[in-house]
Amino acid sequence: MTESLVPDLGPRPEPPNAGGRTVYVETYGCQMNVYDSQVILGRMREAGFREIDDHLEADVVLVNTCSVREHAEHRVISRVGELRRSREHAGKDPALVGICGCMAERLRDELVRQRNRIDLVVGVDHYDELPRLVGELLDPDPAPSAVAVGHDRRVHYVAPPEAYPTNHSHLVTIHKGCDYRCTYCIVPSTRGPQVEKAPDLIEREIASIVASGGREVTLLGQNVTAYRWSDELDFAALLQRVARIEGLERVRFLTGHPCDMHPHLIDVIGAEEKVCPWLHVPAQSGSDRVLRRMKRHYRRDDYLAMVARAREVIEDVTFSGDFIVGFPGETDEDFAATLSLVEEVGYDTIFSFKYSERPGVPAARLADDVPLEAKKERLAALMAAQEAAWARLAEAQVGREVTAVVEEPARRAAGSWRLRTGNNRKILVPLDEPTVGRALRVRLTGWRNTSFFGEPVATA
Ligand code: SAH
Ligand code: SF4
Ligand code: F3S
């Protein structure tokens with residue numbers, strides 16, 4: 001059985017110096033950080049801080065950060081400088097500035113030594129300590145800075161159920177960390193080893209989301225498909241348990257690792273009505289040589305077989321994924337294999353990135369030998385291949401009838417609403433009196449970029 005303590009959900013002591021102060025949180029990186037920012041805000045609120053969305057007015061500014069690429073880190077450092085300067089220009093007192101998340105874990109007290117002043121560094125397992133640390137720094141006679149980092153297997157968070165969901169899907173982290181060692185990736189070191197949240201706790205969290213009006217959840221983790229609480233309770237079994245929660249209508253999950261997409265799991269996804277037929281399964285590359293050097297534990301053929309099986313078993317399944325171009329040693333031929341994979345699979349969406357060397361990861365021992373220009377060219381070629389493949393997929397959908405849930409008014413089409421299908425396609429539909437959260441039958445009439453256009457179909 002995986003060790004995991006149920007977090008203390010009871011009231012926490014109020015720290016000194018909190019009452020009436022305001023906090024502003026800015027979030028970078030993946031959905032894990034979006035979830036954690038909800039946890040951070042929840043903890044700060046409980047301790048008497050008030051959330052505001054104007055950093056110029058906030059007493060405390062927290063930046064929840066990402067280390068996955070060098071560019072992501074540079075952006076945060078320059079953002080801190082910008083936050084400091086805009087306060088100065090506005091004639092305001094400096095805020096207390098804290099760095100949370102993956103950069104806090106990676107750079108630790110190096111952060112408090114850099115040029116733009118950072119008062120507080122709080123790693124991913126230390127958000128329960130945030131209110132106390134902030135309270136101490138707000139003391140009239142404070143310490144110069146505070147650093148709380150390092151992994152703690154016992155810590156699991158539960159975000160407040162009323163926290164605003166992403167795309168109307170409430171995020172629910174089901175485990176933290178990652179035990180894979182993809183050679184390019186910093187996440188295992190910033191997030192630590194994989195530790196499961198207890199299934200009972202996951203169920204209780206979802207039940208409380210449903211009780212506060214939520215109808216859809218997205219189970220979240222760097223590798224949700226590797227979830228394993230016990231020999232009997234793997235990710236497939238967890239999905240089945242979650243699908244039985246009364247009042248819950250839809251379950252999504254992010255991210256799946258291709259090597260964990262076993263036939264049994266695919267069967268469960270296909271059989272459980274509440275589980276949405278959308279797989280985010282990053283391939284990273286289409287070349288076996290590169291996949292081996294990335295230590296992804298599958299070959300191109302395995303990946304394609306997984307896609308084929310999913311298409312057979314899961315009705316209307318769609319795929320999305322991530323790709324890295326310019327991994328050390330990637331040749332034109334390797335890259336051509338990535339292009340052909342994208343053409344063959346037919347993704348709805350892909351996220352593609354130029355390889356960015358991260359200090360200390362295994363691939364940092366390989367020469368970062370693909371020139372920047374070649375990385376840029378490959379990125380552009382990959383995006384063009386995806387556009388062409390998607391155009392074929394999207395065009396073939398026009399005329400079909402689908403079921404989709406009303407989410408919110410469309411941003412750029414007055415009178416239209418954005419709906420989302422179970423397989424994660426967006427449809428803009430003109431509606432007179434829509435009910436948010438209701439499922440409608442819609443005929444697809446066209447598409448542009450990543451959205452379809454549609455019209456309601458009268459139902460008998
Ligand atoms: N756990 C997920 C995603 C991890 S990070 C998975 O296993 O797929 C999100 C994406 O960032 C990755 O899928 C990868 O495409 C990209 N990424 C990670 N490290 C990178 C690096 N060093 N350079 C460029 N892209 C990277
Ligand atoms: Fe990184 Fe690989 Fe783990 Fe994903 S599976 S977080 S890419 S090490
Ligand atoms: Fe970035 Fe950390 Fe997520 S490195 S991608 S915020 S786990």
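Each value in this text was obtained by applying a stated rule to the coordinates, not by laboratory testing. The structure presented is a predicted model; accordingly, all values stated were derived computationally and were not measured. Because the Cβ atoms are built from the backbone with ideal geometry, glycine has one as well, and the counts that use them run over all protein chains shown.
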Please identify the trypsin sites (Lys or Arg not before Pro) of region 377-418 that satisfy two criteria: DSSP loop assignment and at most 14 other Cβ atoms within 10 Å. Which are they? Arg400, Arg411, Arg412
Using the Cβ atoms and a cut-off under 10 Å, what net charge is assigned to the surroundings of Ser356, where Lys and Arg are +1 and Asp and Glu are -1? 0
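With a 10 Å Cβ neighbour count serving as the proxy for reagent exposure, in which order, fewest first, do His71, His151, His262 appear?
Numbers: His71 11, His151 18, His262 15.
Going from least to most buried by this count: His71, His262, His151.
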Please order Thr22, Thr173 by the number of other Cβ within 10 Å, starting at the fewest. Thr22, Thr173
For the chain, can you list the cysteines whose C-beta has no other cysteine C-beta under 4.7 Å from it? Cys30, Cys66, Cys100, Cys102, Cys178, Cys259, Cys276
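Would you calculate a helix-derived [θ] at 222 nm for the chain, using -39,500 (n - 2.57) for each DSSP H run of n ≥ 4 and dividing by the full residue count, to the nearest 500? Before the final figure, lay out each step's value.
Values: 12 runs with 147 residues, N = 460.
Computed mean residue ellipticity for the chain: -10000 deg cm²/dmol.
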Take the alpha carbon atoms of region 168-199, find their center, do the same for region 215-246, and report the distance between the two centers in whole angstrom. 14 Å
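Rounded to the nearest 20 debye, what is the charge dipole size of the chain about its Cα centre when +1 sits on each Lys and Arg Cβ and -1 on each Asp and Glu Cβ?
On the way: 59 positive and 70 negative charges, 135 e Å.
My answer is approximately 640 debye.
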Enter the Cα centre distance for the pair region 307-346 and region 373-415, rounded to the nearest angstrom. 16 Å
Can you compute the equivalent ellipsoid semi-axes for the chain, i.e. the square root of 5 times each eigenvalue of the Cα gyration tensor, sorted largest first and rounded to whole Å? 36, 28, 23
Can you pull out the GluC sites (Glu not before Pro) in region 130-218 that DSSP calls coil and that have at most 16 other Cβ atoms within 10 Å? Glu162
